[in-house]
Amino acid sequence: MTSWLPHLNYQIWILAIGRLLSQMGSGFTLFYAPIFFVNQVGLSATLVGLGLGSQSISGVIGRFLGGSLSDGKFGRKRTVLLSAVISAIAAFVMAFTANFPVFVLGNLLMGLGIGLFWPSAEALVADLAAPEDRNEAFALNRLCDSLGLGIGVVLGGLVISTTGAYRSLFIIDGLSFLLLFVVVLWAVRETFETTGEHSGLKGWKLALRDRTLLIYCVVNVLFTTYIVQISSTLPLYFTNFVSGTPDGKRFTPVVISALFTWHLIVAVIFQIPAARSLNRFRRTRGLMLSAGLWGLGFTVVWLTGISSTGSIAWAALALGILSMATVTYMPAASSIVVDMAPESLRGVYLAVNSQCWAIGYFIGPPIGGWALDQTPFIAHTFWLGLAATVGLSILILQLLERRMKLKDAFPSI
């Protein structure tokens, strides 16, 4: 077992454990927040959707600040600590929410905290890992994120089924962020010393002039748009458009839950081995492999929808392929940004990478939702349309690879 585990700086392991504990807390509220605020607090579904969506607004601001603070005198560690405190306050605000304005306040704080977290935490991992170990270091942290969320969702369901105490879920979430604060404060050292040369807006101006980074951002938005379809569009598609039995009945919630549990299991099992295997290739080649798997996975989703028999087996195959597409994307996506970034600008570059996620999560759900509001033909064909865009992703990655080779040879480009 120890030979299978990656040999990384012990602080990367500590940070990963802290993230696992924090994500467990987030998993407690992941699926249950809308149910609680609609059925218990009495907010309308529309207001809950608007409130949850407000996280993306403050998240953009948080990512901007997270990159700037990480590369400035504030540093990576203190930015992570600040994000944990703000996220904990947000969770406690949500726990005591009784009306819409307070609900929005809690979501705005949560978006800010999460936005601060990602660039600073990723920069910490990049600083602590040797270049040849970065794929596995990022994979380990993503693995702990997935494990924590999965465990939290299960435990949250147990709490609700036995006690019905929805508010306690948010208190547990807040305590998990405080636990992350303690772990990072006690066991993780600051990894970056700045001269202040690239502080404030200057670092962002330099990053946004990097054509190589901007080319990558285009394809990364496509990837994040793919990823969000798994959680935002696919469950509803399976529910409303796929016949789970020969008599035409749809997938039941139990079947859908089992399918997405299978998706998580595949990710957990293959995250580290996939990252290790991809170490022998250029980062762009790993992303091309991921793109091919996304195309294949979406095609199998289409087959799931149009098949008259074996739809559960087709769905399981599709989610398995999409899980492999995700695990090949995750470590390579962060590592390639670190490879592009000057050491003094890692936080800002990773913040730009994180903004791609914000854009993908902003445009992905409306596109998928629009498709599912149309005729069955369009809903089914939507997945083939997504698969077709993979060709564009691969072309952009080929351009990016040539650009990176030239930049290695001529750094002034």
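What the table below lists for this structure:
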| item | result |
| --- | --- |
| The chain - accessible surface per residue (Å², probe 1.4 Å) | 43 Å² |
| The stretch 235-392, relative contact order in percent, only Cα pairs under 8 angstrom and at least six apart counted | 28 percent |
| Cα gyration tensor shape for the stretch 24-157, rounded if a/c is under 1.5, else prolate or oblate | oblate |
| The stretch 227-354: translational diffusion in µm²/s, Stokes-Einstein, Kirkwood Rh over Cα pairs, 4 °C, 1.567 mPa s | 81 µm²/s |
| Mean separation of Cα contacts under 8 Å (6+ apart) over length of the chain, as relative contact order % | 24 percent |
| Positive dipole terminus of the chain, leading residue within VAL80, SER308, MET24 (C-beta point charges) | VAL80 |
| Among SER290, SER161, SER26, residue whose mean-square fluctuation peaks in a GNM of the chain (springs only between Cα atoms under 10 Å) | SER161 |
| Neighbour-limited loop hits for trypsin sites (Lys or Arg not before Pro), the stretch 84-167 (at most 16 other Cβ within 10 Å; DSSP other than H, G, I, E, B) | none |
| Local electrostatic count, LEU69, Cβ distance below 13 Å [Lys/Arg +1, Asp/Glu -1] | +4 |
| With all protein chains modelled, accessible area of LYS202 [1.4 Å, Å²] | 110 Å² |
| ASP71, ASP133, reordered so the largest accessible area comes first (probe 1.4 Å) | ASP133, ASP71 |
| DSSP H segments from the chain that extend 27 Å or more along their own axis, Cα-based, with Kyte-Doolittle mean of -0.5 or above | 10-30, 45-70, 76-95, 100-128, 134-163, 166-187, 211-232, 253-278, 283-306, 311-340, 346-372, 376-409 |
| Cβ-placed point charges (K, R +1; D, E -1), dipole of the chain about Cα centre in debye, nearest 20 | 480 debye |
| FRET efficiency for ASN240 and ILE269, using Cβ-Cβ distance with R0 set to 30 Å, rounded to 0.05 | 0.50 |
| Theoretical FRET efficiency, 1/(1+(r/R0)^6), r = Cβ-Cβ of LEU406 and LYS202, R0 30 Å, to 0.05 | 0.75 |
| Value at 222 nm in deg cm²/dmol, rounded to 500, when DSSP H runs of n ≥ 4 in the chain each add -39,500 (n - 2.57) | -28500 deg cm²/dmol |
| The chain, accessible surface, carbon-and-sulfur percent (1.4 angstrom probe) | 71 percent |
| Net lengthening on full extension, SER168/ILE306 (0.36 nm per residue, minus Cα-Cα) | 45.4 nm |
| Gaussian network model of the chain, springs between alpha carbon atoms under 10 Å - residue of ASP127, ASP145, ASP210 with greatest fluctuation | ASP210 |
| For ILE230, solvent-accessible area (1.4 Å; no DNA, RNA or ligand), Å² | 20 Å² |
| Pair ARG250, SER44: separation of 7 Å Cα→Cβ label points (nm) | 2.3 nm |
| Burial order of peptide ranges 276-285, 300-309 (average beta-carbon count within 10 Å, highest first) | 300-309, 276-285 |
| Order of exposure, largest accessible area first, which applies to ILE86, ILE12 with probe 1.4 Å | ILE86, ILE12 |
| The chain shape via C-alpha gyration tensor axes, a/c threshold 1.5 | oblate |
| Longest exposed-site-free window of the chain, the sites being GluC sites (Glu not before Pro) in a DSSP loop that have at most 16 other C-beta atoms within 10 Å | 198-413 |
| Lys/Arg +1, Asp/Glu -1 at C-beta; the chain dipole; positive extreme among SER161, GLN229, MET330 | MET330 |
| Residue order for TYR237, TYR10 - accessible surface, 1.4 angstrom probe, largest first | TYR10, TYR237 |
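The values are calculated or read from the model by the stated rules, or taken from the named source; none is laboratory data. The structure displayed is predicted, hence computed values, not measured ones. Ideal geometry is used to build each Cβ from the backbone, glycine not excepted, and the neighbour counts take in all protein chains shown. The protein model used for the area step is the full one, side chains on, heavy atoms only, and it has no ligands, DNA or RNA in it. Shrake-Rupley method; radii C 1.70, N 1.55, O 1.52, S 1.80 Å.
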